[in-house]
1. Quickly run through the range B:47-101 and pick out the residues that are in contact (Cβ under 8 Å) with a residue 40 or more places away in the chain, in a loop (DSSP other than H, G, I, E, B) and farther than 27 Å from B:G158 by Cβ.
2. State all residues of the range B:91-124 that are closer than 17 Å to B:N32 by Cα, open to solvent by less than 40 Å² (accessible area, probe 1.4 Å) and away from chain A (no Cβ under 14 Å); if no residue qualifies, say none.
3. Given the options A:K24, A:K9, name the one that is modelled with pLDDT of 90 or more, farther than 18 Å from B:S172 by Cβ and within 10 Å of the chain's Cα centre (by Cα).
4. Among the residues of the range A:16-41, write down those that are within 14 Å of another protein chain (Cβ to nearest Cβ) and either touching a Gly at 6+ places or on another chain (Cβ under 8 Å) or surrounded by fewer than 18 Cβ atoms within 10 Å (Cβ to Cβ) (or both).
5. Return the total of residues in the range B:54-84 being of a type in the set (A, V, I, L, M) and over 19 Å from B:S37 (Cα atoms).
6. May I ask you to list the residues in the range B:1-19 that are under 13 Å from B:A224 (Cβ atoms) and either in contact with a Ser or Thr (Cβ under 7 Å, 6 or more places away or on another chain) or aliphatic (A, V, I, L, M) (or both)?
7. Can you name the residue in the range A:42-80 that is β-branched (V, I, T) and within 14 Å of another protein chain (Cβ to nearest Cβ) and, of all such residues, is most open to solvent (accessible area, probe 1.4 Å)?
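The values are calculated or read from the model by the stated rules, or taken from the named source; none is laboratory data. The shown structure was predicted, so the numbers you read here are calculated from the model rather than taken from an experiment. Note that we place each Cβ from the backbone using ideal geometry, even for glycine, and neighbour counts take in every protein chain shown. Just the protein is used for accessible areas: all its heavy atoms, side chains included, with ligands, DNA and RNA removed. Shrake-Rupley method; radii C 1.70, N 1.55, O 1.52, S 1.80 Å.
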Amino acid sequence: MERTDIEAKMKELLVEELGLDADKITMSATFEEDLEVDSLGVVELLMALEDNFGVQIPDEEAESLITVGEAVDLVEQKLKG
Amino acid sequence: MTGVALVTGASRGIGRAVALKLASDGFAVVVNYASNSAKADEVVAQIRGAGGKAIAVQADVGDQDAVSAMFEVVTEQLGPITVLVNNAGITDDGLLLRMSVDQWDRVITTNLRSVYLCTKAALRSMIRAKAGRVINISSVSGVSGNAGQANYAASKAGVIGFTKSTAKEVGSRGITVNAVAPGFISTDMTDALGDEVTGAAAAQISLGRLGSPEEVASVVGYLASDGASYITGQTIVVDGGLAL
């Protein structure tokens, strides 16, 4: 999967699963401050990423995620195995 | 609220009464049972006979794989669960000084680990739906303690702490988590105590009698209803005024 495809899917999940405003989602946007996603919201996103990309994301790796771009990086890295 | 209600340990006792109540309130009901398939089938037949919808699903709710398999089957057949009633429970009484590690582990696994496993499994779809009710059956033993029941009381007090913590975690998603703590209720569990013990217990109860499973089920039915939408993290004691 190309990075642009991952980015597109990430935006789609953030809108559909977390109910975020599509216009606010940029790769540099932070989950906590810019997008106002709470800790449970991050867990919801992780579950959605695991379901949709077929990857496993351990909690310790998820804890360091701050921006949308970093989440895309993590999925890309997981998909490459 | 309507939808799918899963009741663990629903082949007899309080679980059975809860399954029948929720079915009569319009829920499609999953009658979970550990070993008594004949009794579970009877509950399903009774619900269907009254025009309701129900299926029986066997699973040891203390076992992670069994719980995962049960949720897969249920979701496939009926859709996502909207109400979870963690009722399955056992006793294995004895004074602490004579209580074996096996007695301790068995009761904690069936009564408390099961609540963790089933709630975790159910919350996934509830969070997605931004709605749901979790109702945990605790016990007055967990509120007041009871000699000879250190394992059981610990498991049931654990359920109350679990209820409060989970209520705080998922409240922002419109999900409520509550506990019901029955006192002495006429079931196989209390029948095993014998007339002498239950008679002495009744003397301690303000209402002067044991409760019926239906009297517990009606409270569970209320907590599952739209009317209880602003109640969460609570433990409602249903004991006829025993623990006063």
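1. Selection gives B:G79 alone.
2. Answer for the range B:91-124, where residues must be closer than 17 Å to B:N32 by Cα, open to solvent by less than 40 Å² (accessible area, probe 1.4 Å) and away from chain A (no Cβ under 14 Å): B:T110, B:N111, B:S114, B:V115, B:L117, B:C118, B:T119.
3. Of A:K24, A:K9, the one residue that is modelled with pLDDT of 90 or more, farther than 18 Å from B:S172 by Cβ and within 10 Å of the chain's Cα centre (by Cα) is A:K9.
4. Result: A:E16, A:L18, A:G19, A:E36, A:D38, A:S39, A:L40.
5. Going through the range B:54-84 one residue at a time, the tally reaches 4.
6. Result: B:M1, B:G3, B:V4, B:A5, B:L6, B:V7, B:V18, B:A19.
7. Looking at the filtered set, the residue picked out is A:V43.
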